[in-house]
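Only one structure is covered here, and it is reproduced in the block below.
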Amino acid sequence: MVERYAVVSCHVERPLDDRVWRLFSRLQARRPGGFRIAALIRPPDEAAGEDPARWLERAQEAAARAPLGHHTHWGGPAQARPVEGDPAERVRREGGWLRDQGLRPTIFCGGGWYVDAGVAEAVAGLEYADCTGTAFRPSYLPASARRLEASGPCWLELRGGHRLLELPTTHSLGMLARVAGRPGGLRERLVHVYFHDTELLDARRAAYLRLALAVLARRRVPSDLAEAARTAAADELPVNRAFSR
């Protein structure tokens, strides 16, 4: 693995919105800064009237361009974090459905940055790497909200001796913009920047994203989440025991 590198992911939460999808598709195809932007895509919610066939076409397009990830919204399109039921069961069910459609996601990210021991075990069972951990506390989350703190790649130790590769998210677009051009502003070995597809509706924000990624590419070697997972898995990584009990 290179000494210092960067990856970029997009939480694709409105894949059936034609305008949002068009903007994301164009950006992903252009690879700003040389980054293959992983699509962490929310599966369709048929109860909300979302069309699985059209969703599948778009997921296949995204998978042909860059790494594909599984992004779960437990409460439906507009509710990311769980409100009821078994969060792990939904992850397993969605993962099985994705495979039945011929898709092979390699990354997972929980909506609203939610992850617990059961979810982590379900993600490991699907043979994904995880990027739900963050190096920052999202400002909108209450102090008591369940989340995983991780500053760099690590192995999550799970119950029963299993483990899960964690590739944490380190920067939002706003965070990247504040530090990318500053000497010493990027300290992480793995810089993992994320944004939401809906941010592209703001033309100024979309332009700023392209600029920020061009600056980032001068500070770090561009990589992608699939390559990061392959190479990190072979490294000597620290162990995080957050889910071992």
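The values are calculated or read from the model by the stated rules, or taken from the named source; none is laboratory data. All values derive from a computational prediction rather than experimental measurement. A quick note on method: Cβ atoms are made from the backbone with ideal geometry, for glycine too, and the neighbour counts reach across all protein chains shown. Heads up: the accessible areas ignore ligands, DNA and RNA and are worked out on the full protein's heavy atoms, side chains in. Shrake-Rupley method; radii C 1.70, N 1.55, O 1.52, S 1.80 Å.
Structural remarks
- Taking Cβ atoms as reference points and 13 Å as the exclusive limit, the residues near Ser25 contribute a net charge of +3, counting Lys and Arg as +1 and Asp and Glu as -1.
- Cα gyration tensor category, rounded, prolate or oblate, for the stretch 3-43 with a/c compared to 1.5: oblate
- Ordered by 1.4 Å accessible area with all protein chains kept, Ser144, Ser244 run largest first as Ser144, Ser244.
- For the chain, the per residue solvent-accessible surface stands at 45 Å², with DNA, RNA and ligands left out and a 1.4 Å probe.
- Percent accessible area from carbon and sulfur atoms, the chain, protein chains only, probe 1.4 Å: 47
- When +1 charges are put on Lys and Arg Cβ atoms and -1 charges on Asp and Glu Cβ atoms, the dipole computed for the chain relative to its Cα centre reaches about 1100 debye.
- Charge tally for Val179 (other residues, Cβ to Cβ under 11 Å; Lys, Arg +1; Asp, Glu -1): +3.
- Extension gain for the segment Ala203 to Arg187, taken as residue separation times 0.36 nm less the Cα-Cα distance, is 2.8 nm to one decimal.
- Summed residue charge, Cβ within 13 Å of Gly96's Cβ, Lys/Arg positive, Asp/Glu negative: +1
- Between the stretch 131-191 and the stretch 43-57, the alpha-carbon center distance in angstrom: 30
- Only the Cβ atoms of Lys and Arg (+1) and of Asp and Glu (-1) were treated as charged; on that basis the dipole of the stretch 1-144 about its Cα centre amounts to roughly 780 debye.
- Among Phe108, Ser139, Val91 - extreme Cα towards positive end, dipole of the stretch 89-143, charges at beta-carbon: Ser139
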